[in-house]
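Accompanying notes for the structure given below.
We did not get these values from a lab; they are worked out from the coordinates using the rules stated. Being a predicted model, the structure only gives us computed values, none of them experimental. In this analysis, Cβ positions are derived from the backbone assuming ideal geometry, glycine residues included, and neighbour counts consider all displayed protein chains.
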Amino acid sequence: MSASPASSAAVVQWAATLDQVAHRALAYLKGLLSPVQRKNGWQLAAQAGDRSPYGVQHLLGRATWDADEVRDDLRAYVVEHLGDPEGVLVVDETGFLKKGEQSAGVQRQYSGTAGRVENCQIGVFMVYCTACGRTFLDRALYLPRSWTAQAQRCQAAGIPHAVGFATKPMLARQMLQRALDAGVPARWVTGDAVYGSDSQFRHFLESRPLAYVLGVTSNYTLRPYTAGALAAQLPKQAWRRRSAGTGSKGPRRYEWALHRLLILIL
């Protein structure tokens, strides 16, 4: 059965529109990865060669698309091309500095990006690392109780009524659950003390089961010690300094305990 001229024309028009959408999304992505200092609509539009920010604003604010479905498509692509049974899932949070009180989840809170308490949003992210490469896999916006306790404020910001308060480790557990249920192959999970100090988060990993390396704070209780007191008992030769890459404030270092007992306890 041959297609009518009218339907063929519609397909051609649809294909052309699809190219425009893909171009817009690609231009937006390139703008985010560019050295442009401020990633607002005007700056990203100028980086893409547009005369106005309307195209970028339409993509982000008015175009109809589902962020969770995009995430699921990305996850399927990642599993196909980067999937590895020895893969590592990394959870961490980062801050987005803001002015004003309208952005969802914004309040004065500690931001690791700024290294201090600032007016900001906090996002929890999950990254997938394998020998084939690494990429972001999931994300969740942290909503403080100052937001979830105010239904009208949440409604004004477009936050669904069903969204309640969840700690950062709870958000990380939800992301890990989604990834593992979708068949993302992984052997390890790693994160900082925000997650390592949460016993429910560790119990969740052990129930899957997944090996993990998680940080804890120095005052975390390891009866009859604290983690700091136990670490202080180790000789200087039990530690080795490692590079954790370059951060926003220069090289990041951490001390790695070679002592088997401390590693087992943590």
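Starting with the highest mean, order 50-63, 86-99 by the number of other Cβ atoms within 10 Å, averaged over the residues of each peptide. Could you put the intermediate results ahead of the total?
Values: 50-63: 13.8, 86-99: 17.3.
Packing order, densest peptide first, comes out as 86-99, 50-63.
Using amide H atoms built 1.01 Å from N in the peptide plane, name the residues 5+ places from W239, or on other chains, whose amide H lies under 5 Å from its own.
So W239 has HN proximity to L258.
Using θ = phi - 60° and the Karplus relation 6.51 cos²θ - 1.76 cosθ + 1.60, list the HN-Hα couplings for region 152-159 in order, rounded to whole Hz, with x at every Gly or Pro.
Working through the residues one at a time gives 5, 5, 5, 4, 5, 8, x, 8 Hz.
Using the Karplus curve 6.51 cos²θ - 1.76 cosθ + 1.60 with θ = phi - 60°, work out ³J(HN,Hα) for each residue of region 75-83 in order, rounded to whole Hz, and write x for Gly and Pro.
4, 4, 5, 5, 4, 5, 9, 10, x
What is the set of long-range amide H partners of Y212 at a cut-off below 5 Å, with H atoms built 1.01 Å from backbone N?
Under 5 Å from the amide H of Y212: V189.
For region 211-217, in order, what is each residue's ³J(HN,Hα) by Karplus, 6.51 cos²θ - 1.76 cosθ + 1.60 with θ = phi - 60°, in whole Hz (x at glycine and Pro)?
Here the 3J(HN,Hα) series is 6, 8, 10, 10, x, 9, 6 Hz.
Sequence-distant or interchain residues sharing an amide H contact under 5 Å with D138, placed H: which?
Under 5 Å from the amide H of D138: M126.
Taking the alpha-carbon centroid of each part, what is the distance from region 34-49 to region 103-149 in angstrom?
Region 34-49 and region 103-149 have Cα centres spaced 22 Å from each other.
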